[in-house]
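Just below is one structure, and these are the notes that go with it.
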Amino acid sequence: MKYCSTCGHPVEQRIPEGDNRHRYVCVSCETIHYQNPRIIAGTVPVWEGKILLCKRAIEPRYGYWTLPAGFMENAETTIEAAARETREEALAEVDIHGLFSIIDVPHINQVHMFYRATLIEGRFGAGEESLESRLFAVEDIPWDEISFPTVRKTLELFLEDMKTENYQVHLKDIRRPMSARGKA
């Protein structure tokens with residue numbers, strides 16, 4: 001961020017009085033510009049024991065398989081966001097059964113939330129952000145082509161719970177591995 005969205009003057013990074021983190025602060029009007037994590041909401045859509053995955057038609061991870069999910073918009077709930085993203089990416093309407101996973105990804109300032117869902121009448125397709133959508137039996141999930149660690153973790157947890165038909169709410173985090181930089 002270079003300029004204040006309130007008055008257009010330059011901003012600088014500093015710790016505002018009463019705060020404990022660096023923030024962008026306008027040098028003129030003193031507006032503090034907070035930057036907070038983005039929420040990604042999606043579903044684990046199931047039909048007759050199979051899981052619906054979408055092949056990404058956008059970057060990042062073009063051509064990789066994902067659960068239907070995306071950034072939450074203002075003025076919607078996480079459930080509304082999850083249902084909207086499923087509609088947009090998989091052309092599917094779903095019955096949402098409950099929260100399944102919350103995965104914090106602090107190194108990219110994101111929180112991923114996935115809900116258990118059932119496809120309504122088993123209908124789906126490929127939206128604009130998907131090359132294709134497909135129902136996968138558990139043994140056919142393309143593990144080497146899964147798009148993101150949060151999707152992989154959610155699928156792994158879902159398959160564990162699926163075995164016992166006892167679905168829990170899972171709270172996890174995925175942290176960036178330690179970098180090799182600086183090591184001799």
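The values are calculated or read from the model by the stated rules, or taken from the named source; none is laboratory data. It should be emphasised that the depicted structure is a prediction, and the values quoted were computed from it without experimental measurement. When we count neighbours, we look across all protein chains shown, and the Cβ atoms used for this are built from the backbone with ideal geometry, even at glycine.
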Odd one out for residue 42 among (1) closer than 18 Å to residue 72 by Cα; (2) more than 23 Å from the chain's Cα centre (by Cα): (2)
Boolean, residue 134 is surrounded by fewer than 21 Cβ atoms within 10 Å (Cβ to Cβ) and in contact with a Cys (Cβ under 9 Å, 6 or more places away or on another chain): yes
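Conditions (1) of a type in the set (Lys, Arg); (2) surrounded by 13 or more Cβ atoms within 10 Å (Cβ to Cβ); (3) under 18 Å from the mean Cα position of the chain (by Cα), marked per residue:
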{"residue": "90", "(1), (2), (3)": "no, yes, yes"}
{"residue": "94", "(1), (2), (3)": "no, yes, yes"}
{"residue": "109", "(1), (2), (3)": "no, no, yes"}
{"residue": "146", "(1), (2), (3)": "no, yes, yes"}
{"residue": "154", "(1), (2), (3)": "no, yes, yes"}
{"residue": "157", "(1), (2), (3)": "no, yes, yes"}
{"residue": "176", "(1), (2), (3)": "yes, no, yes"}
Those residues of the stretch 145-166 which are in contact with a Phe, Trp or Tyr (Cβ under 7 Å, 6 or more places away or on another chain) and under 16 Å from residue 110 (Cα atoms), in sequence order: 147, 154
Residue in the stretch 157-175 that is of a type outside the set (Gly, Ala, Ser), in contact (Cβ under 8 Å) with a residue 60 or more places away in the chain and under 16 Å from residue 56 (Cβ atoms) present: no
Matching option when the condition is farther than 19 Å from residue 72 by Cβ, touching an Asp or Glu at 6+ places or on another chain (Cβ under 7 Å) and among the small types (Gly, Ala, Ser), among 137, 126, 117: 126
Among (1) at pLDDT 95 or above; (2) of a type outside the set (S, T, N, Q); (3) assigned to a loop (DSSP other than H, G, I, E, B) - the single one residue 17 does not satisfy: (1)
